[in-house]
């Protein structure tokens, strides 16, 4: 995991969770190809500004370091690249993770992000707990400790589906790059309500989808603590198809 300090010297990559900083995670396809690359880099710097980090490097430095780093990835690498920006250094880490659309089990996590508008490495109570999961097949579904509504998962935005209507939480969440790309197309096919479902309302929905860099678009299979199970897959199939079209076009 390479890292560099503000002077451009190589340093050890610190443990990110619990350390003040921002991060952004990009999907890497063989090539290497990084769909929506600029959006992810801008998100990293935007989060750093919101969090008030003392060091915010120029976009040109991010692009330069990324261009130097990508050739070091294994041949035909497919997975995730995380870029962390701390007060005193910048680091890259990567892990293999082929795109998957397999159903995911939701596990409730009572939590409220300290700053929902930014991706913060300081939020150890959330990100360090990902190690408790089977990350391929499970995700934390965040439920607010006071309002008791569902906002997002630890890694994805949530889309709640019933018939031809989608409910998408907007306030109190960070709208991810994947969902930003999907929304114009979703508005062509669905009526969209922008709200956060309360926990007692969850059983009203036929499907809940996870939309994010790591999973692309994947269906939630169940949330056992709330007695919810998926009863359809038609919305998932359509939105997954839209997502794959976007990725194909971006990688062309």
Taking the options 35, 16, name whichever one is in contact with a helix residue (DSSP H, G or I) (Cβ under 8 Å, 6 or more places away or on another chain), more than 28 Å from residue 246 (Cα to Cα), buried (at least 18 other Cβ atoms within 10 Å of the Cβ) and in contact (Cβ under 8 Å) with a residue 40 or more places away in the chain.
16
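I'm trying to understand the selection: among the residues of the stretch 83-131, which are part of a loop (DSSP other than H, G, I, E, B), farther than 27 Å from residue 242 by Cβ and touching a strand residue (DSSP E or B) at 6+ places or on another chain (Cβ under 9 Å)? Don't jump to the end; show me each part of the working.
Filtering the stretch 83-131 down to residues part of a loop (DSSP other than H, G, I, E, B) leaves 87-88, 97-103, 111-119, 121-123.
Pick out the ones that are also farther than 27 Å from residue 242 by Cβ and you get 87-88, 111-115, 118, 121-123.
Selection gives 87, 88, 111, 112, 113, 114, 118, 121, 122.
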Give all pairs with beta carbons closer than 6 Å in which a residue from the stretch 186-204 that is not assigned by TED's automatic domain parsing to the domain that holds residue 163 meets a residue that is surrounded by 14 or more Cβ atoms within 10 Å (Cβ to Cβ); count only pairs at least 6 apart in sequence or on separate chains.
none
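May I ask you to verify whether residue 28 is part of a strand (DSSP E or B), in contact (Cβ under 8 Å) with a residue 60 or more places away in the chain and over 15 Å from the mean Cα position of the chain (by Cα)? It would help to see each step written out before you state the result.
Values: part of a strand (DSSP E or B): yes; in contact (Cβ under 8 Å) with a residue 60 or more places away in the chain: yes; over 15 Å from the mean Cα position of the chain (by Cα): no.
So residue 28 fails the test.
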Search result, residues across the stretch 156-166 that are in contact with a strand residue (DSSP E or B) (Cβ under 7 Å, 6 or more places away or on another chain) and surrounded by fewer than 23 Cβ atoms within 10 Å (Cβ to Cβ):
164, 165
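Does any residue of the stretch 145-152 turn out to be touching a strand residue (DSSP E or B) at 6+ places or on another chain (Cβ under 8 Å), surrounded by fewer than 20 Cβ atoms within 10 Å (Cβ to Cβ) and under 30 Å from residue 64 (Cβ atoms)? Write out each step before concluding.
Within the stretch 145-152, the first condition is being touching a strand residue (DSSP E or B) at 6+ places or on another chain (Cβ under 8 Å), and the residues that meet it are 145, 147-152.
Okay, now just the ones that are also surrounded by fewer than 20 Cβ atoms within 10 Å (Cβ to Cβ), so 145, 147-149.
Narrowing further to those that are under 30 Å from residue 64 (Cβ atoms): none.
No, the stretch 145-152 contains no residue that is touching a strand residue (DSSP E or B) at 6+ places or on another chain (Cβ under 8 Å), surrounded by fewer than 20 Cβ atoms within 10 Å (Cβ to Cβ) and under 30 Å from residue 64 (Cβ atoms).
The values are calculated or read from the model by the stated rules, or taken from the named source; none is laboratory data. Quick caveat: nothing in here was measured; it's all calculated off a predicted structure. Cβ: placed from backbone, ideal geometry, glycine included. Neighbour counts: every protein chain shown.
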